[in-house]
Structure formats: C-alpha cells, structure tokens
C-alpha cells in the first residue's frame with residue numbers, strides 16, 4: 001500500500017501582525033541605543049560587584065570554613081594527646097623514638113667536641129710561639145695599613161705619621 005505524504009498547510013498571517021512585526025524590527029536599533037545610554041548613566045562602583053549567585057558562593061565558603069575548622073580542631077586534639085602521652089612517661093613508640101634521637105644527638109655532639117679538641121691540641125702543639133708572634137704582627141700590620149690608607153683625604157699629617165710609626169713599632173718589635 002502506498003503511503004501518503006503529510007502535507008503542511010501554510011499559515012496565513014494577518015496584515016496587522018505583519019505590520020506589528022515590521023514596526024518592532026524598525027524600533028530595535030532605537031531600543032539598543034536607549035539601553036546603551038541608560039547603562040552609561042548608571043554609576044559604576046568598583047566596590048560593588050553584582051553576583052547573581054551570591055548565596056551559592058556564601059554557602060560554599062561557609063562550608064570550606066567549617067570543614068577547615070573541623071580539621072584544625074582534630075589536628076590540635078591529636079597533637080595534644082600525642083604530647084601528653086609522651087610526657088606522661090608511658091612506654092610507647094614515640095617515647096622510644098625521642099629517647100633514641102636524644103641519645104644519637106648526644107653521641108654526635110660528643111664526637112664533634114672530641115674531634116675539635118684533638119684538632120686544636122694538634123694545631124697548638126705544631127705551632128711555635130715565634131710563628132704565632134709573626135702571624136699576629138703581620139695581621140696587625142695589614143689592619144693598620146688598611147686603616148691608614150682608608151682615612152679621609154682631609155686627615156692631618158700627624159694621623160698618617162702616627163699610623164706609620166705604629167706600623168714601624170709593630171714590624172720591628174722595639175716597643176714592648
């Protein structure tokens with residue numbers, strides 16, 4: 001059997017409806033211009049931002065704050081309980097770890113102190129008093145020379161002379 005195609009009827013539009021549509025189309029640019037002018041006249045405040053979903057944002061941030069508070073409080077209680085258990089003196093893994101770490105730190109500090117003591121005693125035994133005097137003289141001479149040369153150009157000649165004589169005394173070793 002052959003199937004008949006459905007045909008749609010053309011709708012006829014009244015002349016008045018056509019006229020109304022034509023008038024509305026002609027008025028669209030005027031309406032756009034009027035809206036733009038009204039938008040320009042409204043005061044724009046930088047502090048006020050329109051948020052259509054303000055209540056949703058407020059609800060979200062409230063939830064975040066509450067959840068963060070709960071996490072912080074739980075962390076605080078856990079830390080307090082752990083410190084209390086350690087300080088109570090009850091044998092626990094944390095107490096053993098703390099005591100082991102304390103003993104290791106003491107052993108390390110003792111080994112460093114012993115090593116420094118050995119190095120210092122070896123250095124003192126190897127240097128003679130003559131070497132120490134020479135080192136001190138050279139160091140003081142370089143310091144006085146640097147102080148004399150870095151003085152202002154308006155310095156008097158007596159300052160320069162006294163610095164030179166001080167260096168001479170240190171280098172020769174006559175003034176003791």
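Throughout, read-outs are computed from the coordinates displayed, never taken from laboratory work. In this text, all values refer to a predicted model and were calculated from it rather than measured experimentally. Neighbour counts run over all protein chains shown; Cβ positions are idealised from the backbone, glycine included.
Model label points for residue 93 and residue 62, set 7 angstrom from Cα along the Cα-to-Cβ axis, are 4.1 nm apart. Length available on full extension from residue 81 to residue 32: 0.36 nm per residue minus the Cα-Cα distance, which gives 10.8 nm.
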